[in-house]
Amino acid sequence: MKEQEGPTIIIEPPPERIISADTLTSGQLWGLTIGESAFSIYSKIQNIGSEKSITYIGVVGNVFTDLNSIENSIPLYASVFLDEAKGTSTGIQLSFAENKVSSIWINDGTQLNKWPANYDRSSSIAINDPIESVYQKLVNIKTIKAFEKKFERISIFGKDVSKSYDSHMSVSPQWYFRASVSDKQYFLVHLNFSGGNLHSIYSTLYEVL
């Protein structure tokens, strides 16, 4: 007999409150100085990353229509999202950890071990594939008629701070990251850029209740 399935358990995130919020248009925060170039700011984030437990940076607007333009960028990020120009429930989300493919999801919430499922290794991406192999496999998948539309919008938002700088980051209008203060407190920091230089900093201190 099939065992009766129990109820789905939904884990709510712990409640939290805002302790303070600040906006800087001059001066600096943790050495991140208004007016500095994106490249310099990234280097400083790497320097404080261990102390502040900063592992990833969200890069706003890092969306592309040409796969070739991000050949060297993909290994520097924590994920790649593929979809049609108008978002669909069948878009693909590839996540990376320890320089390997760690998960593959469809936008509708379905988890996969391999995508596309019925193609050979050169034209599919599977869990534990080396991150260095992903670009060429995407090139091969794009040639398959059934999947070519999934390359109309390619998004790489989660920058791995342990990896080197990506020149595309200088075009982004905003980066954001979480920086730990203690087990119960953290900053959510938004860095706003204009012309490739840091223009302002929004920082909000949260406390987990």
(request) Report the label-to-label distance for Glu71 and Ser20 in nanometres (one decimal), using points 7 Å from each Cα along the Cα→Cβ vector. (result) 4.9
(request) List the GluC sites (Glu not before Pro) within the range 40-114 that fall in a DSSP loop (any state other than H, G, I, E or B) and whose Cβ has at most 10 other Cβ atoms within 10 Å. (result) Glu98
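Where does the chain land on Rg/Rh, using Cα atoms and the Kirkwood Rh? Don't skip to the answer; put the middle values down first.
On the way: Rg = 19.6 Å, Rh = 19.1 Å.
Rg divided by Rh gives 1.03.
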(request) Indicate the gyration tensor shape class of the range 63-156 (rounded, prolate or oblate), computed on the Cα atoms with a ≥ b ≥ c the square roots of the eigenvalues: a/c under 1.5 is rounded; otherwise a/b larger than b/c is prolate and the rest oblate. (result) rounded
(message) Distance between the C-alpha centers of the range 84-143 and the range 159-209? Whole Å please.
(response) 27
(request) At most 15 other Cβ atoms within 10 Å plus a DSSP loop assignment makes a site exposed; report the longest stretch of the chain without any exposed trypsin sites (Lys or Arg not before Pro). (result) 3-85
(message) Could you check the spin-label model distance between Glu132 and Ser170? Points 7 Å from the Cα along Cα→Cβ, value in nm.
(response) 2.7
(request) Specify the angular offset, from 0 to 90 degrees and rounded to the nearest 10, of the alpha carbon long axis of helix 38-52 from the longest principal axis of the alpha carbons in the chain. (result) 90
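If contacts are Cα pairs under 8 angstrom and at least 6 residues apart, what is the relative contact order of the range 4-97 in percent?
Details: 40 pairs, mean separation 11.5, N = 94.
Worked out over the range 4-97, it gives 12 percent.
Taking R0 as 45 Å, what's the FRET efficiency between Thr55 and Ala117 from their Cβ-Cβ distance, rounded to 0.05? Walk me through the intermediate numbers first.
Values: r = 31 Å, r/R0 = 0.69.
With a Förster radius of 45 Å, E is 0.90.
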(request) Would you compute, from DSSP H runs of 4+ residues alone, the mean residue ellipticity of the chain at 222 nm, taking -39500 (n - 2.57) per run and dividing by the full residue count, rounded to the nearest 500? (result) -3500 deg cm²/dmol
(message) Report, in listed order, any pair from Lys142/Lys163; Lys100/Lys163; Lys100/Lys184; Lys52/Lys184; Lys52/Lys163; Lys52/Lys114 with a Cα-Cα distance greater than 24 Å.
(response) Lys142/Lys163; Lys100/Lys184; Lys52/Lys114
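No value in this document is a laboratory result; all are computed from the given coordinates. Computed from a prediction, not measured in an experiment: that's the story for all the values here. Using ideal geometry, Cβ is built from the backbone for each residue, glycine included, and neighbour counts are taken over all protein chains shown.
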